[in-house]
Amino acid sequence: MKLIHLVLHSIFISLVCVACHTNTTNHITSPSPNTSFDQIEKSSIVQLLREREHLPMSERIELFYKLKKESPSTYDFDNEEALNFYGYQLLWSAKLQDAFLIFKMIVSEFPGSSNAYDSFGEINLKLGDKMQALVNYQKSLALNPDNFNAEDQIAYILDPNLKPENPADKFSKVYTAEEYLEDLDELADRLSKTHPNLFKFITETDFRNLVKEKKNQITAETTFAEFIWHCDEIIANINCSHTSVSGFYYEQDMLPTALSFPLQTRWINDQLFITDPMNNANKVQTKAEITCINGVPTMELVKEIYKHLPSQGYIETTKRHLFNVWSTCFIPYALDFPDLYTVTIKGISKPIVLNRAQEKRIMHNDPSIQTCAKNLCLDFLHQDSTALLTINSFNYYKFSNSYQYFKDFIDTCFQEINSKNSKNLIIDVRQNGGGSQSASIHLLRYLVDEPFTYYSKAEFEGKKEKIEGEESLSPYENRYDGNLYFLIDGVGNSTTGHFMSIAKVLKLGTIIGEELGSNQFCSAGGKTLRLSNTKLVYNVADNTHVSMATSLPDETGILPDIYVTQSIEDYLNKKDAVKEYALKLIHDDKK
């Protein structure tokens, strides 16, 4: 099993509605908001099995069938995702025989599931039974022809000498022009058939013209690296943060180190600053502003790179954050992989030729923003009159039982906040890439003062009944009724957009920071697909989830009431200007 990183995550995949991903090619089907409301109210059969770990697995499975017969409506017996995840937890814990029995049971319970046979094939391989693995992978592929993981595993079993292609080997690989053109047509076709809102932010004419333009740029010498950059642009212009090639991990992995841009930089207020000279400390200084790279003005260069970066609607804060994470990778792609880099520094007339890179660098974290080790933190300030609740992720799912951890944490937090009679509560959702609607809803119920509906729309293939969030939700009795402040940024994506859109329209508090990377509208999901010739893997949103905040524009992110962002001085001095502004605002309001 090849686990594709969610959002995740990476910053990009932190930027991506992790809440809604469903992977068609890997056995771990990601948590989604597509679980029925009735199913959510049922008790977890997986939790019950976990509580019986002292019993042999065969007895736990007997209990499963006994309860299914005697109490069919009490437990979520039809929750394949939860059972599948349980099987992988056993596999990761090296309990192979137990995992085998669970995956065998899942195949029996869900005989029409490609994913079930894929997982069973993997445990067969782990146990050395290649022939049974082959049978199960073949069944999986027959049920889902898009399951390229099964396709690959079948090929590896039939030809033991066949090895997965190394990303580095593909960088300069050249396919035929015909193969590239076929793949571009296939990409456009699959996007059209899979994405439910493909032409929401781009007209069909503009989309088709862009594909035609990329096809016209294909030559007999086009490398795979150049091709993937074309595909990045086509996908980015859909303006959907849940549709991308790889979160740029693949592009980074196959880029030769020597071709990487040899400076760590940061794009702030339309200026490109050096934040780490790396192996060029003898040539340039930290905080110096770069005005040109290889003769291309930085404004022009960044504008070109932005064309290849996905975001929701027309939100540019997301693109800026993406650029700041992956700049050492994006600059080589945008400049067609030069052997050397020459930079022009503001105040210095003569261009500087840089040393070639000795390492590849990705800057995931903003050192000026203090994050939580466990993504959840509660602090008290001003002699307990101000509480600071940091939510770096909503990635807590009922599907995997992580939701209980989140729920217990939030419940305890509000007990403590209310017991201390804190008059101010700051909720920091910066760097939050999204997650489960269950977590978002649970937090909101402590903040609202009247019943609300979380979703105005939830559409996905196979939906038969309402899901959690479509029913009216009531505030908790011990809700917080003090002054609320929200800290947001361009990283905040997906479920964070749903959460903040509701906070915005219900006027729950003062919003501080920059434009959020998302809003109430979310083309989520989706399917992981692969092009036939180049084997390029890409992810496409395949469902739609919209919060109740339909009065807000779909093109922009949730806008702050007070715009505050980090300057280069703040960044280098590790000063959290957004949080400090909120604390100063609270302090000034006391006067």
Least to most buried among CYS522, CYS377 (fewest other Cβ within 10 Å first): CYS377, CYS522
Set of aspartates and glutamates near LYS126 by C-alpha distance (under 15 Å), chain-local residues within fewer than 8 positions excluded: ASP98, ASP118
Positive-end residue of GLY435, VAL540, LEU487, charge dipole of segment 376-590 with Cβ unit charges: VAL540
Three-way shape label, segment 136-266, alpha-carbon gyration tensor, a/c 1.5: oblate
Relative contact order of segment 381-513, defined on C-alpha pairs under 8 angstrom at six or more residues apart (%): 30 percent
The chain: C-alpha gyration tensor shape, a/c 1.5 cut-off, then a/b vs b/c: oblate
Between segment 537-583 and segment 316-338, the Cα center-to-center distance that results, in Å: 19 Å
Relative contact order %, segment 68-194, counting alpha carbon pairs below 8 Å whose residues are six or more apart: 13 percent
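Working out 0.36 nm times the residue gap between ILE202 and ASP588, then minus their Cα-Cα distance, what length gain in nm do you get to one decimal?
Values: separation 386, 0.36 × 386 = 138.96 nm, distance 4.49 nm.
Difference between extended and current length: 134.5 nm.
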Unit charges on C-beta of K, R, D, E only; dipole of segment 499-561, Debye: 360 debye
For the chain, share of DSSP beta bridges that run antiparallel, in % to the nearest 5: 65 percent
Residues SER73 and GLU477, FRET efficiency given R0 of 35 Å [Cβ-Cβ distance, rounded to 0.05]: 0.75
Furthest towards positive pole of dipole, LEU96, LEU158, PRO553, structure part the chain, Cβ charges: LEU96
Förster radius 56 Å - calculated FRET efficiency between LYS457 and SER349, Cβ distance, rounded to 0.05: 0.45
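Kindly state, to the nearest 0.05, the FRET efficiency for ALA155 paired with ASN269, given R0 = 51 Å and r defined as their beta-carbon distance.
In this case the efficiency is close to 0.50.
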Cα lying deepest toward the dipole's positive end in segment 174-300, options LEU181, THR219, THR205, charges on Cβ: THR205
Where a label projected 7 Å from the Cα of SER419 along Cα→Cβ would reach, residues of segment 451-494 with amide N under 18 Å: 477-481
For segment 116-173 versus segment 455-518, the gap between their alpha-carbon centres in whole angstrom: 40 Å
Extension reserve of the PHE110-LYS173 stretch, reckoned as 0.36 nm per residue once the Cα distance is removed: 18.6 nm
Dipole in debye (nearest 20) - the chain, about Cα centre, beta carbon charges: Lys, Arg +1; Asp, Glu -1: 880 debye
Rounded if a/c under 1.5, otherwise prolate or oblate - segment 447-571, Cα gyration tensor axes: oblate
Relative exposure of ASP78, ASP428, ASP366, judged by other C-beta atoms within 10 Å (fewest first): ASP78, ASP366, ASP428
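Taken together, the values in this text are just the output of simple stated rules run on the coordinates, not laboratory data. It should be emphasised that the depicted structure is a prediction, and the values quoted were computed from it without experimental measurement. No Cβ is skipped: glycine too gets one built from the backbone with ideal geometry, and neighbour counts run over all protein chains shown.
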